[in-house]
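Notes for the one structure printed next.
The values are calculated or read from the model by the stated rules, or taken from the named source; none is laboratory data. Here the structure is a predicted model, which is why all the values come from computation and not from measurement. No Cβ is skipped: glycine too gets one built from the backbone with ideal geometry, and neighbour counts run over all protein chains shown. Surface areas here come from the heavy atoms of the whole protein model, side chains and all, with no ligands, DNA or RNA. Shrake-Rupley method; radii C 1.70, N 1.55, O 1.52, S 1.80 Å.
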Amino acid sequence: QVQLVQSGGGLVQAGGSLRLSCAASGSGSAFNAMGWFRQAPGKQRELLASIASDGTTTYANSVKGRFTISRDNAKNTVDLQMNSLKPEDTAVYYCSAHFLRVGGVWTSDYWGQGTQVTVSS
């Protein structure tokens, strides 16, 4: 059984930084694509950044230049460094693996437990 366990997050002032970490464990947890999502109240879950096992990354325009995704394949971890945080970054953040978009909605069998990030103005 695959588990994704998140750590990090919390409350920060605008302009500050936070780091999120996600550790994958269990049989079959060596995923190719891993990513970070967020979901704000009343909004759909949004893909922020993804990283393949070869290190190829993609970013949403809303976080490009501020957030950096990285992974350690040996440790089976993926991190999200968030800098220059804004109040509109406030949301619950999720790590995920092997995700795909179906009918405009991101789906996956593998999600972390979610972590609240709150950015105060």
- [ ] Within the range 66-78, identify whether any single residue is closer than 15 Å to residue 113 by Cα and exposed (fewer than 14 other Cβ atoms within 10 Å of the Cβ), and answer yes or no.
- [x] no
Open item on the list: Of the residues 35, 26, 55, 16, only one is surrounded by fewer than 17 Cβ atoms within 10 Å (Cβ to Cβ) and under 28 Å from residue 120 (Cα atoms); which?
Closed with: 16
- [ ] Examine the range 79-93 for a residue that is closer than 18 Å to residue 27 by Cα, open to solvent by less than 60 Å² (accessible area, probe 1.4 Å) and not small (Gly, Ala, Ser), and state whether such a residue exists.
- [x] no
Task: Cβ-Cβ under 6 Å pairs, at least 6 apart or on other chains, the range 14-33 side over 15 Å from residue 52 (Cα atoms), far side assigned to a strand (DSSP E or B) and of a type in the set (Gly, Ala, Ser) - done: 19/8; 20/8; 21/7; 21/8
Open item on the list: Being hydrophobic (A, V, I, L, M, F, W, C) and either free of Cβ contacts under 8 Å to residues at least 12 places away in the same chain or closer than 18 Å to residue 119 by Cα (or both) is the filter here; which residues of the range 43-65 pass it?
Closed with: 48, 63
Task: All positions within the range 70-113 that are under 21 Å from residue 13 (Cα atoms) and either part of a strand (DSSP E or B) or touching a Cys at 6+ places or on another chain (Cβ under 9 Å) (or both) - done: 79, 80, 81, 82, 91, 92, 93, 94
- [ ] Report whether or not residue 10 is within 19 Å of residue 84 (Cβ to Cβ), open to solvent by less than 40 Å² (accessible area, probe 1.4 Å) and touching a Ser or Thr at 6+ places or on another chain (Cβ under 9 Å).
- [x] yes
